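No value in this document is a laboratory result; all are computed from the given coordinates. Here the structure is a predicted model, which means the values were calculated and not measured. Cβ sites come from the backbone with ideal geometry, for glycine too, and all protein chains shown count toward neighbours.
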Amino acid sequence: MRVLHLVAADRWTGAAATALQLAEALRAAGVECVFAYRPGRNLEDLLGGVDWCRPILAKERTLGDVWAAIARVRALASDHDIVHAHLPHDHLLGRQALRGSGKPLIRGVHHLGHLRPDPFHRWLFRGTAAASLSNSAMLAACRRLPTLRGVPARVLPVALEARFRPGGDRAGVRERLRIPPEALVAGTIGKLDRGRGHDLFIHALAATPGVWGIVIGKGPHVEALQKLASRLGVAGRLAFPGYVEAGLEDLYAAMDVFVFPSAGSDHAHRAIAEAAGCGIPTVAADVPGVRDLIEPGVTGDVYPANDAAALAVRIASWAHDPARGRAGGAAAAAKARSLWTPQRLAAEALELYRSVVPGCT
């Protein structure tokens, strides 16, 4: 079986990162995969020169550009058995490219908002052979979309890189960030933009004296967050290391509890799994899909979204109980090792593919 993955993105983040992990997991399982994406930015930096990754989805500016992109997808799909699109735009390109071909088009849904029952989305999903979903909350949304009722749908698990495991450079990171070795630390990660919950995290930190904070990421809201930290009197115990990719596992290791205050662009909530893999319990906003990854009271906890006071209580209860934190981290790491592996991701995807191409291997 040969599978073509389409991702109309040029950054290694969100759906593009998850889709690339899926393609890599399938290739490791012996499935031929090609990954088509947009050139430019850090995705091309990462994938340039990789023969099975094709930068053919250049951003279109005219209707002629769109038809040219459709033609390129059609040509590339001609010797593949399945096309797996991951974003609305590449779904549109794939739908038009495969018209009359009889080839199955599968849609990967990475954001709950992409399952809206409006006329465009009803049309877009018409004829879709199957859907891969980022979390279990999307199953009900699929059933509400008329053109997806009765279509095979399956939640695909996240797959962790081997580096996300207990034992990172906790002491080295704390020294670099000027955090006392014995401090209790809560950390979070994500694009520093409005609506991503970092201001809520800082308010919660202000209500938990003695707990230090780490905010990983970059974005247009960073200066506003730093000013907020100063105004609330927590700037002295809050570190902003910026965007980190290499060595991210060490930053998780420097935490006692990971905080997930808001969903990002990819509703697989991969950061929770990464923290768990590193043996760090998570306190997360109770948004759709989070309970797929957290067992409240065991591997972490949940709190009502947008409630800074409730978040502060949860942070304190985990950070100030080291024995509970160690047990929760160990349980989280064990869950990560058993459930969030490339082998399991590939196996679940193959089951979905077999539902539309019986007998495929």
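Below is a table of values for the structure above.
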item	result
P(r) histogram, all alpha-carbon pairs of the chain included - 10 Å bins from 0, percent	5, 24, 31, 23, 13, 4, 0
Inverse of mean 1/r across different Cα pairs in segment 207-359, Kirkwood, Å	16.8
Proximal lysines to residue 218, defined as alpha-carbon separation beneath 20 angstrom and excluding residues fewer than eight positions away on the same chain	191, 227
The chain: most fluctuating residue of 171, 331, 263 per GNM, C-alpha cutoff 10 Å	171
Compactness of segment 11-117 as Cα Rg over 2.2 N^0.38 Å, two decimals	1.05
Residue exposure sequence - 123, 212, 12, 340 - by fewest surrounding Cβ within 10 Å	123, 12, 340, 212
Under the Karplus curve 6.51 cos²θ - 1.76 cosθ + 1.60, θ = phi - 60°, whole-Hz ³J(HN,Hα) for segment 119-131, x wherever Gly or Pro sits	x, 4, 5, 4, 5, 4, 7, 5, x, 5, 7, 6, 9
Gained length - residue 298 relative to residue 54, 0.36 nm times residue gap less alpha-carbon distance	83.6 nm
Residue 321 versus residue 122: modelled label distance in nm, points set 7 Å from Cα along the beta carbon direction	5.0
Charged-residue dipole, Cβ positions (Lys, Arg, Asp, Glu), segment 258-361 about Cα centre, Debye nearest 20	280
Which of 249, 24, 161 has the fewest Cβ neighbours within 10 Å, and the rest in rising order	161, 24, 249
The chain: most fluctuating residue of 313, 215, 185 per GNM, C-alpha cutoff 10 Å	313
Amide proton proximity set for residue 212, modelled H, under 5 Å, gap of 5+	184, 185, 186
Most mobile of 287, 244, 73 in a GNM of the chain (Cα contacts under 10 Å)	244
Pairwise Cα inverse-distance average, inverted: Kirkwood Rh of segment 261-333 (Å)	12.1
Average Cα contact separation per residue, the chain, under 8 Å, 6 or more apart, as relative contact order %	16
